[in-house]
Amino acid sequence: VNEYYRLFFTVELSNSGADDIEGALERSWESTCDTYRNGCDENGECIVDYDPREGVLFAETGSENLVAGTTATVAAFGLSSRGTGEMTVLNCGDSRTLVIGEPQSARESFVVFETRDHSPDDEVEIERLKRGQEEGLDYSIPMCSASGSFMVVGDFQYALARSLEGSFVTDKGITSEADVTRIDLVNSMADRDDCAVVLACDGLFEVMSNEEVGREVVRMRRAGYNA
């Protein structure tokens, strides 16, 4: 499935110019979402047995039916004769992209840029969900517990306000709309050493903070490790 979805981004980016990277990422993500929800692409190529309402994938391994969803982060670099000058990042959910580099001052952060987690306790998401309710939509409102914030949808608790899900969940306000951000790498990294871009899922950030990841990657860069 990962290989299949990756083709959407590869083909779209290959056919787009440097001035349309943002649009290419958005179109690729839209195709990914449509195929995930429909189970098939526009050519009739199907990847899973899928219930578009419940978001259920019927696994071929004989396991129980799963309520399935996914998050994503994608980074595309604009290339010129001078090298890589700009990066465009798409993210939906709590997978993250970080731009890091060793600062000149010990008081500065190793993290130059970080994507926004779409968690239910994020102020932007709280306001979006409140507006939906005020407009008469049946959106779920975030709730809190000792382990963190969540949204209730049927019998399930969701730890995200944005991710790729079936319509049963999106009707409650969990959207697959992604953030797309452009970063000027030349200026943002001008006074940094041992720079790197990190893309990772929430499994990493459940055990390490952004700053810890930044420090460790810089240390590995100094030690000569490749990506």
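Simple spin-label model, 7 Å along Cα-to-Cβ: Asn226 to Gln104 in nm?
Modelled inter-label distance: 3.3 nm.
Put +1 on the Cβ of every Lys and Arg and -1 on every Asp and Glu Cβ in segment 176-227; which of Ser188, Val207, Val218 then has its Cα farthest towards the positive end of the dipole?
The Cα lying farthest towards the positive end belongs to Val218.
Once you charge only the Cβ atoms, +1 for Lys and Arg and -1 for Asp and Glu, what is the size of the charge dipole of segment 93-206 about its Cα centre, to the nearest 20 debye?
With only Lys, Arg, Asp and Glu charged at Cβ, the dipole is about 80 debye.
With a 1.4 Å probe and all protein chains left in place, how much accessible area per residue does segment 119-196 have, in Å²?
In whole numbers, segment 119-196 has 54 Å² accessible per residue.
If each residue of separation counts as 0.36 nm, what is the full-extension length gain between Ser14 and Ile141 once their alpha-carbon separation is subtracted?
Result for the pair: 41.7 nm of gain on full extension.
The values are calculated or read from the model by the stated rules, or taken from the named source; none is laboratory data. A quick note: this is a predicted structure, and the numbers were derived from the prediction, not measured. When we count neighbours, we look across all protein chains shown, and the Cβ atoms used for this are built from the backbone with ideal geometry, even at glycine. Note: areas computed on protein heavy atoms with side chains; ligands, DNA, RNA excluded. Shrake-Rupley method; radii C 1.70, N 1.55, O 1.52, S 1.80 Å.
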